[in-house]
Every structure is written in structure tokens, then in C-alpha cells.
Amino acid sequence: MPETAFTVVDLGGTTLRIARYDAATGAVTDIRRTPTDGMDRHPGAPVPELQTRVSEQLGALAAEAVARHRSSALAVAFAGPVTADGRIVTAPTVWGERGEILPLRLLLEERLGIPVVVVNDLTAAVWRYVNTPDERPFCLITVSSGIGSKVYRAGEVLLDAEGHGGELGHWTCDPSPQALVCDCGGRGHLGGIASGRGTLAAARRAALADPARYARSALARSAPDPEHLDNRMLVAAVRAQDAFATAVLRGGLRHLASAITSVFTSIGVRRFVLMGGFAQAVGPLYVRLLTEELERLGCFGLDTEEVRRMVVLGAPDDDHGLVGAGRLLAARRAPRQAVTVS
């Protein structure tokens, strides 16, 4: 009987999650979380040092979990562009600026002695929402510490062999010299403006620009000094329909809506699934506000009701990368050989 236990990892900018995936049931169990040993814990550390820290942390935790799970294969969902052969191109939320390409799949296979898949975290998460090979096209978008996206169409995630594609978060949507800076070091990127981090930075900037208006907001009651604001406070204020916080959020959503209309008008995708800690913390209100911006912009060829059906929230948990990575491994049915997908 073939082994059905896999170890799956979701490695993000702030948290590394590792779990057991049962291919027979599709369930993830034994989920364990630990802070990622990257730039969030070591701000200012050079990229090579952070790459070494993260690689060593992942290798040690994976070795322990593989033994505990008696796994036949490992899948890693990684927060950054990944080549078809499992090399990390860059990792804006993990080690910031671009460094040397990291051969993560090779390093892990040499250490663990089992087949390893390394894919972008959104590429993995897409497979959670694929029910049949002929699933109608959709775009998965995550809004958390950064913004990422992947398009599924005709049985595959649309990427080239070098991992290019599905990086809406690094689209330059604000070319002005005063635009917010993205984690990758670029200025005016969608992820630097409309992500959770970007929205928080925008709120602080707006508070300093208009202190009187900020003083009247619910945010000021939580944090009289805007430098003490955090995303929890911001989400609570938006959900309470605070005018100041909502206006700040709308500023980022205008850019996100523009990105969505670009995807629709270029390749005809009209289903967008939202996930990520920030978007899901705001909840259905996030979808409503985003949809209002889409209605304002208009989607060529669609009427209002069709636009209103374009965006939905994903599953209300943070297991997307874990479940998707497990489903991808199970679909490939290759526990005895290395599997490489972009």
C-alpha cells in the first residue's frame, strides 16, 4: 500500500507553519507554528545571513516533522517567486532585497533524503480551490503582509519556468517619488500600498498629514500617537465603519481594483478568490468595499451584477498553503521521485 502521509510547510514573512497532510482524507493535522527566522525577527540583517537562517530553520524543523509524520515526501509553499526546479528567486517579505538565487529544493532533498517540492505559496494555495482539472479560470489573491496572486487556467497555474507571473503585488501602481516603499525595496508597488503593512503605513502617514481628523477617529482613541497603531486596531476601526480608517483602506483598494480589472480585461478571468490575514480579518466588508471600487472603475463588457459576483472570500483559516501543497503532492502521485513545479 502506498504511503499517504506527507509533510507540508507554509513559509511566510512572519510565520513558518508545518503540518502532516493525509492524502487519503485531505486533512492537515499536527499543525505547528514558529516565527520565521527572517527579517521580521532580524531587521537590518544582510540578505545572505537571513537566507542561511531561514534555510537552517526550515531544514531542522522539516527533518523533525518528516520523522514524526513518517512522510514519504515534503512540499514547501514559499512566500516568493520560485523556479520550476525549486530555486528561490527572491523573497521580499522573508529577507527583503534580492540576493543570490537559493537552491532550496536541492538543499532539502540532500538533507532529508526524500522527494521535495518547493513552490510559491500562492501556487500551492491555488490547488486548494481546484476541484476538477477543468475548473473554470480564477485568480487567487492574498492580502496580508504583502500582496500576491496566481491565475489558474486550463489545468495549470500560469507561470514561466523562472517563476515569473502572478506578482501583482510588485506592479508599480504609484510612480510618484513620495509613494510608499515595498518590502522588496521598490517604491509604489501595489503590495507596499494596499497590503496590511501598506495600509497601516498609509494610516500613519494620513494621521500625520491631518492630525485634527485623526484625533476625531476611533483610531486615535486606541493610539493617540499614530506611530503606535497596529493592524489589529486598524481592522477593528474599519469593521466599526470609522470614516478615517475606511478612507485609508479605500485608498489602497482603488489600486487593487485597478489591478483586478487589468487581469480581467487582459485574459478574461472573472472569478477572484481573496485570502490572507488582512483581507480575511476585515471580512465581508473588505469584499464589499473592493467591489464598490470595481463598480466605480467598471469592467469592460460586464454589467453591474456580473461585477458584483467577481470577488469572493476564500476559506476562513490560514491553511491555504498547507492544504494546497498537500493536494498538489497527492495529485502528482509521486512519493518515490522528486516533483518540480513552478
In region 158-197, which residue that is of a type in the set (A, V, I, L, M), in contact with a strand residue (DSSP E or B) (Cβ under 6 Å, 6 or more places away or on another chain) and assigned to a loop (DSSP other than H, G, I, E, B) is farthest from Leu290 (Cα to Cα)?
Leu158
Scanning region 130-146 for residues that are in contact with a strand residue (DSSP E or B) (Cβ under 7 Å, 6 or more places away or on another chain) and surrounded by 24 or more Cβ atoms within 10 Å (Cβ to Cβ), the one farthest from Ala91 (Cα to Cα) turns out to be Cys139
Among the residues listed as Leu208, Leu289, the single one being surrounded by 14 or more Cβ atoms within 10 Å (Cβ to Cβ) and assigned to a helix (DSSP H, G or I):
Leu289
Taking the stated definitions as given, is Gly251 in contact with a strand residue (DSSP E or B) (Cβ under 6 Å, 6 or more places away or on another chain), outside any loop (DSSP other than H, G, I, E, B) and surrounded by 15 or more Cβ atoms within 10 Å (Cβ to Cβ)?
no
Within region 313-342, tally of residues that are in a helix (DSSP H, G or I) and at pLDDT 80 or above
11
Sole residue being buried (at least 23 other Cβ atoms within 10 Å of the Cβ), under 20 Å from Val263 (Cβ atoms) and among the aromatic types (Phe, Trp, Tyr), chosen from Trp95, Trp127
Trp127
Checking the structure you have, find out if any residue of region 86-106 is within 20 Å of Phe6 (Cα to Cα) and aliphatic (A, V, I, L, M).
yes
Return the total of residues in region 170-189 being within 17 Å of Ala259 (Cα to Cα) and touching a residue at least 40 places away in the same chain (Cβ under 8 Å).
5
Answer yes or no: is there a residue in region 26-47 that is touching a helix residue (DSSP H, G or I) at 6+ places or on another chain (Cβ under 9 Å), over 27 Å from Gly192 (Cα atoms), surrounded by fewer than 18 Cβ atoms within 10 Å (Cβ to Cβ) and modelled with pLDDT under 90.
yes
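The values are calculated or read from the model by the stated rules, or taken from the named source; none is laboratory data. A quick note: this is a predicted structure, and the numbers were derived from the prediction, not measured. Here Cβ is always computed from backbone atoms with ideal geometry, including for glycine, and neighbour counts include all displayed protein chains.
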